[in-house]
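A quick write-up on the structure given underneath.
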Amino acid sequence: LAEHGPPPLPAAFATELAFRFDQELARWREFGLGPILTRWQAAAHLVGSELTVHETATTRLTGRFDGLELDGAMRLRLADGAVRVIHAGDVTLGA
């Protein structure tokens, strides 16, 4: 907490979030998804990072981050070399 200061007030946070969302929506409408995916991958974990994905309460996959699909879905390379495309799930770093 000391590193980042006090948390923002809820109204200020909501205003900033809405502003940033509006900016990203305008970029998507003007330039498509490609630039957003490029920026996301530049800020995300590195290709090859070990991840665990909980697709459902009973389904857990472990593999390595293998980039993003053109629609934004995550590619997960499994231990056997197969690639699973993940559209939704809880993702954590490590096994």
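Values as computed for the structure displayed
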| item | result |
| --- | --- |
| Residues that are out of contact with any Ser or Thr (no Cβ under 9 Å at 6 or more places or on another chain) and at positive phi, drawn from segment 70-95 | 72, 81 |
| Residues being outside any loop (DSSP other than H, G, I, E, B), open to solvent by 100 Å² or more (accessible area, probe 1.4 Å) and of a type in the set (Gly, Ala, Ser) - total across segment 1-54 | 0 |
| Failed item in (1) under 27 Å from residue 24 (Cα atoms); (2) modelled with pLDDT of 90 or more, with residue 79 passing the rest | (1) |
| Whichever residue in segment 86-95 is assigned to a strand (DSSP E or B) and not polar (S, T, N, Q) and, among such residues, is least open to solvent (accessible area, probe 1.4 Å) | 86 |
| Search result, residues across segment 55-85 that are open to solvent by less than 70 Å² (accessible area, probe 1.4 Å) and part of a strand (DSSP E or B) | 61, 62, 63, 65, 66, 67, 68, 74, 75, 76, 83, 85 |
| Every residue from segment 46-92 that is under 13 Å from the mean Cα position of the chain (by Cα) and aliphatic (A, V, I, L, M) | 46, 47, 51, 53, 68, 73, 74, 76, 86, 88, 91 |
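The values are calculated or read from the model by the stated rules, or taken from the named source; none is laboratory data. Values in this document were obtained by computation on a predicted structure and should not be read as measured data. As a convention, Cβ positions derive from the backbone with ideal geometry for all residues, glycine included, and neighbour counts pool all protein chains shown. Calculation scope for accessible area: heavy atoms of the full protein, side chains included, ligands and nucleic acids excluded. Shrake-Rupley method; radii C 1.70, N 1.55, O 1.52, S 1.80 Å.
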